[in-house]
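Below you'll find the structure, written out as structure tokens, and then a few comments.
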Amino acid sequence: MSALAYLRPDEWELPLFLHVLGALCLIGALVLTTTLLVSAWRSGSAATLRLGVRSLLFGVVPAWIVLRGSAEWVASKEGYSDLDKPPAWIDIGYVAGDLGLLLLLASGVCGWLALRRGNDGAAATTAKVAAVLLVILLAANLVALWAMATKPA
Amino acid sequence: MSDTLLFLHLLAAALVFSAVAVFSAVAFGARIEAGTVRVFRLLWNAGLVGLLIFGIALALDIDGYEIWDAWILIAIALWLAVGPIGDRLPIAVRDGGAPVPAAAVRAHWLAVALVVLILADMIWKPWA
């Protein structure tokens, strides 16, 4: 696989750059958002909760779009889009990406509900649920990172 | 062996980007506890060290790459610059939510640009 990377054609480089940048930004934004939501849940701070939801909207969501869009671009350049039975590491990437969208939507709804509920126990619980969903998404993305790097059969 | 090294290299990059995300929130004016920023400063430094160690190990492990290749030397030069520049913002964050000096914010955005340049250098591999 390393030899393949060494022989990579020039035309793959922009989509690959966007894909790796999107993946790393997604992980960074997920860590930031999770940190803020956990902090909001523990302290009950509405300002931190609002910051966490903004980080989800303006950090995690755009990074996910770049990651997912560039993944399709790379797959079409490398001919993986046309395969009947793609390699396992491609499937792992798709599962992480598509599961990611569901988890993003669910955590976004939880964050919005927590903001609406204001400064009470229910808001803290909803913020906690949003944080747990994002931790699952972070774990899925780390598995995808491992799969992209090691390309298991 | 190369695949594991590449995963560890990318994991180190993920640590760097996680720290960059937190520092960027501070640069945008978000009030994040100084203790949290200190933890992410540790992750920033650990990530940078991991990037260098696993990056050099990869260059040694993969046939066709040499440590003196132009793109690897460029990456090392950018790495040497980004550490102290990127450290300025987390050092400037104080307990109590005092505003971060504008110079530290400017240094942070310069560090972000350098990190993206390192990634571009890894992908395009100039003069390889």
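For the reader, a short list of remarks on this structure follows.
Yes/no matrix, rows are residues, columns are (1) away from chain A (no Cβ under 13 Å); (2) in a helix (DSSP H, G or I); (3) over 28 Å from residue A:143 (Cβ atoms); (4) at pLDDT 95 or above:
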| position | (1), (2), (3), (4) |
| --- | --- |
| B:11 | no, yes, no, yes |
| B:15 | no, yes, no, yes |
| B:31 | no, no, yes, no |
| B:49 | yes, yes, no, yes |
| B:85 | yes, yes, yes, yes |
| B:89 | yes, yes, yes, yes |
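Okay, residues lined up against (1) of a type in the set (A, V, I, L, M); (2) crowded, with 18+ Cβ neighbours inside 10 Å:
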{"residue": "A:71", "(1), (2)": "yes, yes"}
{"residue": "A:79", "(1), (2)": "no, no"}
{"residue": "A:96", "(1), (2)": "yes, yes"}
{"residue": "A:100", "(1), (2)": "no, yes"}
{"residue": "A:126", "(1), (2)": "no, yes"}
{"residue": "A:136", "(1), (2)": "yes, no"}
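- Only a single item in (1) away from every other protein chain (no Cβ under 12 Å); (2) without any contact (Cβ under 8 Å) to a residue 60 or more places away in the chain; (3) part of a helix (DSSP H, G or I) is not met by residue B:98, and it is number (3).
- Segment B:33-47, residues that are open to solvent by 50 Å² or more (accessible area, probe 1.4 Å), in a helix (DSSP H, G or I) and not β-branched (Val, Ile, Thr): B:38, B:41, B:42, B:43, B:45, B:46
- Scanning segment A:11-22 for residues that are surrounded by fewer than 21 Cβ atoms within 10 Å (Cβ to Cβ), farther than 8 Å from residue A:63 by Cα and more than 8 Å from chain B (Cβ to nearest Cβ) gives A:11, A:12, A:14, A:15, A:18.
- Per-region count, segment A:10-57, residues among the aromatic types (Phe, Trp, Tyr) and over 17 Å from the mean Cα position of the chain (by Cα): 2
- For residue B:23, the requirement of being of a type in the set (Phe, Trp, Tyr), within 19 Å of residue B:113 (Cβ to Cβ) and either surrounded by fewer than 17 Cβ atoms within 10 Å (Cβ to Cβ) or at pLDDT below 95 (or both) is not met.
- Among residues of segment B:66-75 being touching a residue at least 24 places away in the same chain (Cβ under 8 Å) and buried (at least 16 other Cβ atoms within 10 Å of the Cβ), the one that is farthest from the chain's Cα centre (by Cα) is B:69.
- Restricting segment A:23-45 to residues that are under 20 Å from residue A:117 (Cβ atoms), outside any loop (DSSP other than H, G, I, E, B) and of a type in the set (Gly, Ala, Ser) leaves a set whose member that is nearest to the other protein chains (Cβ to nearest Cβ) is A:39.
- Residue under evaluation residue B:63, criteria (1) free of Cβ contacts under 8 Å to residues at least 60 places away in the same chain; (2) under 30 Å from residue A:57 (Cβ atoms); (3) within 12 Å of chain A (Cβ to nearest Cβ), criterion not met: (2)
- Residue list for segment B:1-28, filter: in contact (Cβ under 8 Å) with a residue 12 or more places away in the chain and more than 10 Å from the chain's Cα centre (by Cα): B:1, B:2, B:5, B:6, B:8, B:9, B:11, B:22, B:23, B:24, B:26, B:27
The values are calculated or read from the model by the stated rules, or taken from the named source; none is laboratory data. Just so it is clear, the model here is predicted, and its values are computed rather than measured. All Cβ positions, glycine included, derive from the backbone under ideal geometry; neighbour counts span all protein chains shown. Please note that ligands, DNA and RNA were not included when accessible areas were found on the heavy atoms of the full protein model with its side chains. Shrake-Rupley method; radii C 1.70, N 1.55, O 1.52, S 1.80 Å.
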